[in-house]
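Novice: Before we start, here is the structure in question, set down as structure tokens.
Every number in this text was worked out from the coordinates using simple rules, so none of it is lab data. Given the structure is predicted, the values throughout are model-derived calculations rather than measurements. Quick reminder, even Gly has a Cβ in these numbers, built from the backbone with ideal geometry, and neighbours come from all protein chains shown.
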Amino acid sequence: MPDAMIHHSANEGVRSGTRGMMDGKRKKAMGQVAGFPDIVVFPWSHLPAMFFEVKAPGGYASEAQKAIHERLRVLGYRVAVVRS
């Protein structure tokens with residue numbers, strides 16, 4: 001039995017130009033939220049989910065990411081920015 005379920009949200013854009021803008025509009029229409037953390041960990045049901053924003057060394061969370069992180073914290077979730 002697994003100890004937790006881990007999900008990676010594919011929030012990053014992969015294309016530029018018109019196709020990239022179309023991708024962004026489509027993802028937003030499907031419910032993608034700007035700034036949502038990269039990884040969500042769902043431990044046992046009696047423990048709250050944990051959210052992780054992954055950054056390269058020296059990278060920082062954007063303003064949109066900081067706003068989402070604060071909203072999640074207000075709701076009682078744990079949020080961390082991790083670098084490796």
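Novice: With the crude spin-label approximation of a point 7 Å out along Cα→Cβ, what separation in nm comes out for THR18 versus GLU70?
Specialist: 3.9
Novice: Considering amide H positions built from the backbone, and no H for Pro or chain starts, which residues 5 or more places from VAL81, or on another chain, come under 5 Å of its amide H?
Specialist: GLU53
Novice: Tally Lys and Arg at +1 and Asp and Glu at -1 over the other residues with C-beta under 13 Å from the C-beta of ARG83: what net charge comes out?
Specialist: Numbers: positive: LYS55; negative: ASP38, GLU53.
Value of the local net charge: -1.
Novice: When Lys and Arg each count +1 and Asp and Glu each count -1, what net charge do the other residues less than 11 Å away from LYS55, Cβ to Cβ, add up to? Present the calculation step by step, with values, prior to reporting the outcome.
Specialist: On the way: positive: ARG83; negative: ASP38, GLU53.
Here the charged neighbours net out to -1.
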